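Peer 1: So that we are looking at the same thing, I have put the structure below in structure tokens.
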Amino acid sequence: MSKPESFWWKYPFWLLLGWTVLVYAPVWLPFFHLKNDLITQNLPTRYVIGESLYSGYFPWWNPYIHYGIPQYGDMNNGFWNPVMWLIARVCGYNLLTITLEELFYILLGGWGLYLLVREYAGKQAAVLTAMAYLCCGYTVGHLQHFIWITATACFPYVLLFLVRTFRRPVLKNLVGLAGCTFLFLASTHPGLIIGAIYFLLLALGTVLRLRRSTLAALWPKRAWLLMAWLLAAAGLFSLVVICSNLDVLPHLTRGARVTPEELLLHPTNPSSYLSLLVPLPVFRASFLHTDLSMRDVYMGLPALLGLILFYRQPGLRRLRLPVTASLLFFFLLSAGGLFKQLAASLLPGIGYVRLNGEFTYFTLLILLLAAGAGLDSLLTGKSLLEEVRWWRPTLVVLFAAGALLALVMIVSRHEPAWPSFRGHGTLDKSYLKSLLDSLRFGDLLLVNCLVQLATLWLLRRNTGSWLAASAFNLTVLTWLTLPFTGLGMNSRAHMQALIRSPARGIRIPPLTPGVAGEPADSLLRQSFHLVSSYRQRLTSPVEEGYPILLRTTRDFYRDSLAKSFIQKQAWLFLASDTTLSAATRSDSSVLQVRAMGPGYLQANLVNPDRKTWYVVWLQNDYPYWSARLDGRIVPHGTAFHTFLAAELPPGNHRLEFYFNPRPIRRALWISAAVALLGLILLTRRNWRELRLPGT
């Protein structure tokens, strides 16, 4: 073994770090930008949190989305994720910081899977499996789905500490499991949390079935008491996340089961598993009627060979049936169709998940964990050539036949295969974009088969060749896949310039009608949906493409007369009554805003009439809002379906609205106190190794 090769095997973390930098170079380099949901949904909400903290407001409330939402219960963005809080507080959010944050999660997940595979396999097999996990089809295909990537970062650690706790039920493993469970729940999409519950139940069933044989080490005495400890610790650590979600769910439009049509959206259908062999052609496959991001399940040719060997090893025979059963469950669940409909009607939680391809993560995770076991049996064997001699000629013939078929498809086309270089002048992004758009199924099949043939040539006797082959195979195919699913062609600087604000911090917007800024933002809306978050406007004249919507706000958007009336008003105004025929005023002679931020308003108001008027703030009325008039708490109500309103008697007054979710604050203190206690207990070695009572 050469010195460079020995170094990488000796320091696997640095290998995975360098590998992440290399394989995701198109992402972090400035020439392209991450696209779709990441910049239309995840970036604007994080941007608001960063600006709120910069201005001294705790961002319980986001005032810029759908006339305000309780941000702590926004399950689409991982409000309680501590990494998000660190970035928001230190430097704020922009396209670069959110890109680097996502790459951090990818690396974190790869290292977590390495540690998990090391629990049952050697270092070489763990490294190769982690490399495949870092850029498997699910990760590369879902770079735009930010909080799906956070799940890939956190869930391996949940499994890791679960395994360690069942093997050694000591305090440090319990705290590690509770902390990782909190990170997973705090930063992950609800659909993946539901999928994780079923994954863990299937894993528990597997351990129960094999507790007297293969998996005896994972079933200690009084295991049920140990499970009670685990649930209690994880629940206390995650109490604030659980309470936040339970608090908000009854008020959301998506707090109900999805419709039968939505239940079948965007599956990873069985034909998509062609990507296990050749991932590139599936992006131009007309027979795959699903979103591009749901089609790729590639995990690298070496990992695929490890999966085959898992089913060939006699020592793993008892694991085959439960692993295959779990694999089949998530395979069918992610494929949608009749099985998803039956599961939605019979299994709790499944009926609330829209995008079926979300469950593909667990399919790939099972495949990779099994592949790790197969690779370990291969790489630690005495005769590597004897183990692999049967599949290399077969795969060479298969990919050679695929390349020949692709050539026939290309030659049979009547139009030019690729765009002319003339008119472009240089090999710039415009030419690359036109070249990418011109590629068809046959072109991509040819390229993919040639890459696979080169990979097979690199796979030789020593383990170093497997490392080189994995690096070559995954790097080339990841770079070729990214433009289809993860990258936009504009530079990051160009996209950032579109949303750049004049200064940091929360600003008081002008008291202009809600439709005033719409024409100027029409171009920006083509790339960024939540424009109000960047422009810091409190009005939302149209329903945004964002899943968090209160039921009362939905009722308002459905009332065309009320919507037309509100669009003509400033975000804070006085009304003679709460009907659509009311007289309104928002001029400076009667209204002066002194302070405004997420969840807070202070204004000086003048009612020159002898009768009571109403002050209306275009923010959704939600539990935990309070109003003070001249320092005294006064009742407030709801006007025009959803907006905060309070009576304003004659004379000069100072009014305050403030949002204070006391139950969530209490849950936060409890979770923080429990987490702090856990960290204190870990400071002493004899406490860290303390065995859990009763186990």
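The values are calculated or read from the model by the stated rules, or taken from the named source; none is laboratory data. Since we're looking at a predicted model, the values are computed, not measured. Positions of Cβ are generated from backbone atoms using ideal geometry, with glycine treated the same way; all protein chains shown enter the neighbour counts. What goes into the accessible areas is simple: the full protein's heavy atoms, side chains included, and nothing from ligands, DNA or RNA. Shrake-Rupley method; radii C 1.70, N 1.55, O 1.52, S 1.80 Å.
Peer 1: Kindly indicate whether L655 is surrounded by 15 or more Cβ atoms within 10 Å (Cβ to Cβ), out of contact with any Gly (no Cβ under 9 Å at 6 or more places or on another chain) and modelled with pLDDT of 95 or more.
Peer 2: yes
Peer 1: I've got another one for you. Looking only at region 345-380, which residues are modelled with pLDDT of 90 or more, over 22 Å from M294 (Cβ atoms) and either of a type in the set (S, T, Y) or surrounded by fewer than 21 Cβ atoms within 10 Å (Cβ to Cβ) (or both)?
Peer 2: The answer is S345, L346, P348.
Peer 1: It is to be established whether one or more residues within region 541-551 are open to solvent by 50 Å² or more (accessible area, probe 1.4 Å), touching a Phe, Trp or Tyr at 6+ places or on another chain (Cβ under 7 Å) and farther than 27 Å from N607 by Cβ.
Peer 2: yes
Peer 1: Additional query: For the structure I just gave you, tell me whether G78 is among the small types (G, A, S), part of a loop (DSSP other than H, G, I, E, B) and under 21 Å from G505 (Cα atoms).
Peer 2: Criteria not met by G78.
Peer 1: Mind checking whether some residue in region 610-618 is of a type in the set (D, E, K, R), surrounded by fewer than 20 Cβ atoms within 10 Å (Cβ to Cβ) and in contact (Cβ under 8 Å) with a residue 60 or more places away in the chain?
Peer 2: Among the residues of region 610-618, not one is of a type in the set (D, E, K, R), surrounded by fewer than 20 Cβ atoms within 10 Å (Cβ to Cβ) and in contact (Cβ under 8 Å) with a residue 60 or more places away in the chain, which makes the answer no.
Peer 1: Which residue pairs have Cβ atoms closer than 6 Å, lie 6 or more positions apart in sequence or on different chains, and pair a first residue in region 627-643 that is surrounded by 12 or more Cβ atoms within 10 Å (Cβ to Cβ) and assigned to a strand (DSSP E or B) with a second residue that is among the aromatic types (F, W, Y) and at pLDDT 95 or above?
Peer 2: Hits for this filter: A627/F657.
Peer 1: Could you please find all residues in region 81-94 being in a helix (DSSP H, G or I) and among the small types (G, A, S)?
Peer 2: A88
Peer 1: If you take the residues of region 50-59 that are open to solvent by less than 10 Å² (accessible area, probe 1.4 Å) and in contact with a helix residue (DSSP H, G or I) (Cβ under 6 Å, 6 or more places away or on another chain), which of them is nearest to A595 (Cα to Cα)?
Peer 2: Ranking the qualifying residues of region 50-59, first place goes to P59.
Peer 1: Every residue in region 659-695 that is open to solvent by less than 30 Å² (accessible area, probe 1.4 Å), under 30 Å from P63 (Cα atoms) and outside any loop (DSSP other than H, G, I, E, B), please.
Peer 2: F659, I664, A667, S671
Peer 1: Please work out if R222 is of a type in the set (K, R) and within 26 Å of L375 (Cα to Cα).
Peer 2: Spelling it out, it is not the case that R222 is of a type in the set (K, R) and within 26 Å of L375 (Cα to Cα).
Peer 1: Condition first: under 17 Å from G349 (Cα atoms), open to solvent by less than 30 Å² (accessible area, probe 1.4 Å) and hydrophobic (A, V, I, L, M, F, W, C). Can you find one or more residues in region 231-250 that meet it?
Peer 2: There is at least one residue in region 231-250 that is under 17 Å from G349 (Cα atoms), open to solvent by less than 30 Å² (accessible area, probe 1.4 Å) and hydrophobic (A, V, I, L, M, F, W, C).
Peer 1: Moving to a separate point now. Suppose the filter is at pLDDT below 85 and assigned to a loop (DSSP other than H, G, I, E, B); does L427 pass it?
Peer 2: yes
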